[in-house]
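The values are calculated or read from the model by the stated rules, or taken from the named source; none is laboratory data. Quick caveat: nothing in here was measured; it's all calculated off a predicted structure. Counting neighbours? That spans all protein chains shown, and the Cβs are built from the backbone with ideal geometry, glycine included.
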């Protein structure tokens, strides 16, 4: 099987749409159809069920996708490492993170990148949590490690390096503090904080949904927040509740309870960069991030309650 067939199959399997897969690969839709059909003949079975309205993987296609995805990512990582070794990745790579997005997953990524590219110096920089893309746009960092809820036309959201479960942070005296788990619907009866002006709207809505699945609005109150510690203090005092990601050290306090939210999906943590500033160092980091994500099955364990 050649690379073109593998890439065509993976693109259709992920997009479930031949037109979008063709756009992603920058080829024509008939070419994608021909490549998939040739692959099905080579395998001897159907990989997709196609109708005029939808495309879906067959059981054989699902099995093949699981096996091929891992091997393809490893091959891409090997090619990337070979290319960068031939070209020589040198210079400096500046990675920014906030007080909530740093941690073991980022450290592991940096360690693996440094081992693969010893001639490239990696430095970590603390970002302003309320405006996490500011330093990226100013050119003060090359890549940001942050939560992948990105709707910014000038930014590229790269591979996931970790998924975190969702928890609700409340005061130990709060009425929900004794619960084993809560629902997003419970948030309609509580107050969360408004995000400061510089905070990315898509990220804010991913952390604190604007409404519950039934359509009830989740109230947000305007409070003065000069630092993230101010928000933590407001939670501990019972002034607000705060949906967030599990495993955040700032929220591990004796006066705060962390309750799993059973119906919010895990939040992906990954790398983000300015599309116009992409270079060999960033591409090499993204390839290693992708290989880590695939090797670990895309999920890193994190305590739900801290």
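Miscellaneous remarks
- Residue match in region 17-36 (condition: modelled with pLDDT of 90 or more, touching a strand residue (DSSP E or B) at 6+ places or on another chain (Cβ under 6 Å) and within 21 Å of residue 159 (Cβ to Cβ)): no
- For the residues 207, 240, 235, the requirement of being under 29 Å from residue 292 (Cβ atoms), crowded, with 19+ Cβ neighbours inside 10 Å and not assigned by TED's automatic domain parsing to the domain that holds residue 138 singles out 207.
- Where strands (runs of 3 or more DSSP E) fall wholly inside region 31-97, the ranges with 3 or more residues that are farther than 24 Å from residue 284 by Cα are 48-50, 55-57.
- Residue in region 147-170 that is touching a strand residue (DSSP E or B) at 6+ places or on another chain (Cβ under 9 Å), modelled with pLDDT of 95 or more, over 26 Å from residue 126 (Cα atoms) and part of a loop (DSSP other than H, G, I, E, B) present: no
- Residue in region 113-124 that is out of contact with any helix residue (DSSP H, G or I) (no Cβ under 7 Å at 6 or more places or on another chain), in a loop (DSSP other than H, G, I, E, B), under 17 Å from residue 283 (Cα atoms) and not assigned by TED's automatic domain parsing to the domain that holds residue 40 present: yes
- Number of residues in region 129-157 that are touching a helix residue (DSSP H, G or I) at 6+ places or on another chain (Cβ under 7 Å), more than 20 Å from residue 267 (Cα to Cα) and crowded, with 17+ Cβ neighbours inside 10 Å: the value is 2.
- The strands (runs of 3 or more DSSP E) found wholly in region 183-297 and carrying at least 3 residues that are in contact (Cβ under 8 Å) with a residue 40 or more places away in the chain, farther than 30 Å from residue 115 by Cα and touching a strand residue (DSSP E or B) at 6+ places or on another chain (Cβ under 7 Å) occupy 242-245, 256-260.
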